[in-house]
Amino acid sequence: MAAMRAVALLLVGMAVMAEGSKQKLLQEELEDAVLTNTGSKIATSKLYRTGEPVGDFPQPSDPRMNLKSPKKWQATFATNVGSFNVIVHRDWSPKGADRFYSLVMNDFYDGARFFRYADNFVVQWGLKGTPQIDSLYENGANIMDDPQFKSNTKGRITFATSGPNTRSTQVFVNLADNTFLDSQGFTPFGELASEDDLNIFMRKINAEYGEKANQNKIIHEGNQLYLNSHFSHMSYIKSEKVQFLEE
């Protein structure tokens, strides 16, 4: 019996090591190149990085903004009040996952403010605060809707819309079970990874400004001319990164 237990433990250990090696290989692959929706590869060195000229940010039609999301991956956002993790499931909302992946991989959300805090409802962000970039995605950059597979329960993340087929860059985290949104075309594509991540939204992101910020002014005046002047304590994203979980 002791020998059998030893063999079983050895097999478990080998399986864990194999899974770890697979994850390492997937991460290394991600660091070298990414896939587009047409099946072509783009070197990650070609993606936009914070600090590069604003004029170099990819247009909505650029292949760099039409990447194919991994089946399952984690986005980690460092904010001025702590970090949180989002687990994205491509099978929940393929088009939504692809757009979010493309945005994160091109550092779109760096500097983005959590400009809407509706208590016991949602926290919303997704305007970069750089007018030259936000204006690119204001019109003509929307993606088609996905079928509804998951409900807007507490902790899930969803694209904001203004009607059918209007998802672009803005997203929100559900602070409660907002299942009434399901019939309105709001399709979750991921979820916060843990209660600690939810706590960032419930207790640490600054809620004092509520829903006072004007989205049009954010788009056209940006962080420097508008948000920094009128909402100086608004919480914001400092950086973002991706971890492959399942190919």
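The values are calculated or read from the model by the stated rules, or taken from the named source; none is laboratory data. Predicted model, so just to flag it, every value in this text is computed and none were measured. Cβ placement follows ideal geometry from the backbone for every residue including glycine, while neighbour counts extend to all protein chains displayed.
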### Summary
Checked Glu195, Glu247 against criteria (more than 22 Å from Ala160 (Cβ to Cβ) and free of Cβ contacts under 8 Å to residues at least 60 places away in the same chain); the one match is Glu195
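Conditions (1) assigned to a helix (DSSP H, G or I); (2) small (Gly, Ala, Ser); (3) at pLDDT below 60; (4) closer than 30 Å to Ala141 by Cβ, marked per residue:
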position: Ala6; (1), (2), (3), (4): yes, yes, yes, no
position: Leu30; (1), (2), (3), (4): yes, no, yes, yes
position: Leu35; (1), (2), (3), (4): no, no, no, yes
position: Gly39; (1), (2), (3), (4): no, yes, no, yes
position: Ile42; (1), (2), (3), (4): no, no, no, yes
### Summary
All conditions in (1) farther than 30 Å from Tyr209 by Cβ; (2) surrounded by 17 or more Cβ atoms within 10 Å (Cβ to Cβ) are true of Lys41 except (2)
### Message
Taking the criterion of being in contact (Cβ under 8 Å) with a residue 24 or more places away in the chain, part of a helix (DSSP H, G or I) and either under 17 Å from Glu52 (Cα atoms) or aliphatic (A, V, I, L, M) (or both), would at least one residue in region 105-128 satisfy it?
### Response
yes
### Task
Looking for whichever is out of contact with any Pro (no Cβ under 6 Å at 6 or more places or on another chain), over 17 Å from Asp119 (Cβ atoms) and outside any helix (DSSP H, G or I) here; the options are Phe172, Phe186. Which one fits?
Phe186
### Task
Could you tell me whether any residue of region 59-66 is modelled with pLDDT under 95 and either surrounded by fewer than 22 Cβ atoms within 10 Å (Cβ to Cβ) or over 11 Å from the mean Cα position of the chain (by Cα) (or both)?
no
### Task
State whether one or more residues within region 214-223 are over 23 Å from Ile143 (Cβ atoms), free of Cβ contacts under 8 Å to residues at least 40 places away in the same chain and not hydroxyl-bearing (Ser, Thr, Tyr).
yes
### Task
Those residues that are in a helix (DSSP H, G or I), among the polar types (S, T, N, Q) and closer than 13 Å to Ala112 by Cα, I need them from region 195-247; list them, please.
Gln215, Asn223, Gln224, Asn228
### Query
Consider Ser102 against the criteria (1) modelled with pLDDT under 95; (2) of a type in the set (S, T, N, Q); (3) under 11 Å from the mean Cα position of the chain (by Cα): it satisfies all of them except one. Which criterion is unmet?
(1)
#### Entry: Selection from region 129-149 of residues that are without any contact (Cβ under 8 Å) to a residue 60 or more places away in the chain and not hydrophobic (A, V, I, L, M, F, W, C)
Asn139, Asn142, Asp145, Asp146, Pro147, Gln148
### Message
With the structure loaded, tell me whether Ser135 is of a type in the set (S, T, N, Q), in a helix (DSSP H, G or I) and within 22 Å of Pro58 (Cβ to Cβ) or whether it fails that test.
### Response
yes
